[in-house]
Each structure stands twice: as structure tokens, then as C-alpha cells.
Amino acid sequence: MKKIHEKMLKVFESKILVGILYGIGIVIVLTLIFSMGVSVGFHKASFGRAWGDNYERNFGMMPGRQGFGKDNFPNSHGAIGKIIKIELPTIIVQDKDNTEKVILIKSDTKIQKMKADIQTTDLSMNDFIVVIGSPDSQGQIEAKFIRVMPLGMPVSGTPIIK
């Protein structure tokens, strides 16, 4: 019994076993990182497809080639731009890449102007806003947070749309 115990200690102290365990750990971590990347890409592509499939319903016109971002998909988790149409509970924002985004405002959406909380009825045409939310299956963005930016204060790298 003592010999078996000594042999097992030698196996667990060996550099080969430690190397194999490190290798397995690295493979597991790399697999998790890869699967997260696939999940994010799938989510972004699904929003782009839903946005295109529902373009006519959302905007009342035939879909045309819209200017997407650098990767040919619209930003699915928010918008930065001016309000061009208000039909509560939705608003349409002309995003910084000149795409129109339908923003769905829900009862739990937090809306702020500077540090003050405001209501949906306080939003007005041409307000410059930043929206953070999540995409839905209709190609709309369900807003979690909306901030109305002061006029003349662009968001970094974003031109003010007049």
C-alpha cells in the first residue's frame, strides 16, 4: 500500500502531469473565449437580419442600401443621434451612420437630461440623444436608458446632426 501511495505522489508531482493539466486548462479557456465571440457575432447578425426584414414595417418604405457601420451591421445595442419622429412608445433616431433606428420606450426605461430624470413626453423632435438598450426580434432597440444631450455637445467622434 505504501508503494502505491509513493507512486501516486510521484505521478502527481511530475512535470508532465502539471503540463498536461495546464494544457487542458488553456484549451478550456480558449474554447470559452471562442464560444463567447461566436455568441456575440450571432447576436449582432441576428439583429441586422431582423432590422432588414422589418425595414418596410418600421419605416413605411422599401428597403434600400443603408450605410451600416464598418462591419456592415448596424449597432444593435444603442443609437446616437437626433430624434426625427415621435410616436410613443416608439421614437425614430437618425443614428451617426445615417441609419434610422426604431427605439422602443418601455415603462422601465430611464430617461435623463443632464442629471435630471424626465418623462417620455419631455422628448421632442431634433433632441440629440444617446440610447442604450437591447435588440428585439422586430429590428427595434428596446431602450434601457436614454440620455438627452445638450445642444452643441457632441459625443466623441460623432458629428452633430442639424
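Every number in this text was worked out from the coordinates using simple rules, so none of it is lab data. Predicted model, so just to flag it, every value in this text is computed and none were measured. Neighbour counts run over all protein chains shown; Cβ positions are idealised from the backbone, glycine included.
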Enumerate the lysines that residue 7 could reach by cross-link, defined here as Cα to Cα under 21 Å, with residues fewer than 8 away along the same chain left out.
15
Quick one: 3J(HN,Hα) in Hz for the range 101-118, Karplus 6.51/-1.76/1.60 with θ = phi - 60°, rounded, Gly and Pro as x.
10, 8, 10, 9, 9, 9, 5, 9, 5, 8, 10, 10, 10, 6, 9, 8, 6, 10
Excluding residues on the same chain fewer than 8 positions from residue 10, give the lysines whose Cα lies under 27 Å from its Cα.
2
If each of residue 104 and residue 6 carries a label point 7 Å out from its Cα toward its Cβ, how far apart are those two points in nm?
7.1
Taking the Cα-to-Cβ direction at residue 112 and at residue 16 and moving 7 Å from each Cα, how far apart do the two end points lie in nm?
6.0
Counting other Cβ atoms within 10 Å of each Cβ, which trypsin sites (Lys or Arg not before Pro) in the range 94-136 have at most 12 and sit in a DSSP loop?
115
For a 21 Å ceiling on Cα separation, which of these pairs sit above it: 44/101; 44/110; 44/85?
44/110; 44/85
